[in-house]
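Input: a single structure, listed below in structure tokens.
Only the coordinates and a few stated rules stand behind these numbers; no lab work does. Worth saying up front: this structure is predicted, and the values here are computed from it rather than measured. For neighbour counting, all protein chains shown are included, and Cβ atoms are generated from backbone atoms with ideal geometry for every residue, glycine included.
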Amino acid sequence: MDTLALAEGVKRGEVRAVSRLITLLENQDQLGMAVLQRLGASPWNAAVIGITGYPGAGKSTLIDQLATAYRRQGKKVGILAVDTSSPVTGGALLGDRIRMQDHAGDAGVYIRSMATRGHHGGLARATHDAVQVLNAAGYDIILVETVGVGQDEVDVAKVAQTLVAVVAPGLGDEVQAMKAGLFEVAHIIAVNKGDREGADMTLHDLKEWVPRVIRTVAVKGEGIPELLEAISEHQRIVDLQDHPSSRPR
Ligand SMILES: Nc1nc2c(ncn2[C@@H]2O[C@H](COP(=O)(O)OP(=O)(O)OP(=O)(O)O)[C@@H](O)[C@H]2O)c(=O)[nH]1
Ligand SMILES: [Mg+2]
């Protein structure tokens with residue numbers, strides 16, 4: 001296949017072309033890089049939202065809810081589940097796919113797992129590339145799920161314009177996350193499993209540290225409208241900052 005045909009396929013939003021190109025890029029294939037270069041001129045349209053947090057905090061469940069909400073708004077949604085600590089979370093990613101099967105028959109939702117290949121930093125680059133591909137393919141919203149808060153994850157999280165940190169009450173997550181500096185890079189904190197004991201305390205503690213803290217119960221869809229609102233509020237700031245007229249002369 002030549003670069004032109006693959007690039008055109010991606011621009012038409014063909015899922016097979018999108019998947020093929022992302023695989024090529026994960027493998028740092030020359031053809032893939034040539035196609036990406038060709039796509040480089042695509043105007044930027046996508047909102048890239050990172051969802052990060054410790055295993056089991058409810059990231060996938062939240063993403064599932066967000067995807068449903070964005071679909072209702074008629075937006076095309078791409079989901080990248082980034083597995084920085086494979087093979088430990090390999091099973092969890094498979095679980096994600098099963099949980100997200102509600103979207104399986106929906107051509108407006110693309111779900112893709114990204115796994116570690118090659119040396120340090122390779123995954124961050126591959127994720128960055130995949131985001132470019134999804135933007136070129138016309139996805140309006142790109143949700144990037146990453147596990148944990150190590151350096152790799154923070155690198156991956158940097159592809160997102162808006163970063164949501166998910167913590168669950170009672171696990172000491174918030175203490176760990178604070179130590180790791182997650183709250184310094186996150187724009188919004190979702191205290192998920194808000195139905196659990198200790199949620200009030202966690203909310204109260206976190207509000208002293210970070211401006212935007214939202215209680216969610218992902219399994220019931222509670223707090224999702226508030227989370228959506230916080231995300232779009234932040235996206236408006238991103239737009240303003242990126243707008244050429246707002247740059248200093
Ligand atoms: N009680 C309660 N359970 C929840 C809530 N959100 C998610 N869960 C459950 O928590 C478990 C983990 O949820 P996931 O969405 O897979 O969490 P995750 O952060 O994506 O997990 P990994 O991908 O393995 O890191 C599942 O059994 C969910 O059903 C919630 O708001 N309340
Ligand atoms: Mg998950």
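Annotations
- Less than 5 angstrom separates the built amide H of Leu143 from those of Ile49, Gly78, Ile79, Leu80, all sequence-distant by 5 or more or on a different chain.
- Qualifying lysines (Cα of each under 25 Å from Cα of Lys59; at least 8 residues distant if same chain): Lys75, Lys76, Lys158, Lys179, Lys193, Lys207, Lys220
- At q = 0.15, 0.20, 0.25 Å⁻¹, base-10 log of I(q)/I(0) for the stretch 2-91 (Debye sum, equal scatterers on each alpha carbon): -0.77, -1.11, -1.23
- Burial order of peptide ranges 65-74, 215-224 (average beta-carbon count within 10 Å, highest first): 215-224, 65-74
- Note on His187, His103, His204: ascending count of other Cβ atoms within 10 Å places them as His204, His103, His187, the fewest first.
- Given their separation in residues at 0.36 nm each and the Cα-Cα distance between them, Glu14 and Val219 gain 70.6 nm when the chain is fully extended.
- Model label points for Asn27 and Asp239, set 7 angstrom from Cα along the Cα-to-Cβ axis, are 4.0 nm apart.
- Equivalent ellipsoid dimensions for the stretch 1-41 as semi-axes, Å, which come from the Cα gyration tensor, largest first: 14, 11, 8
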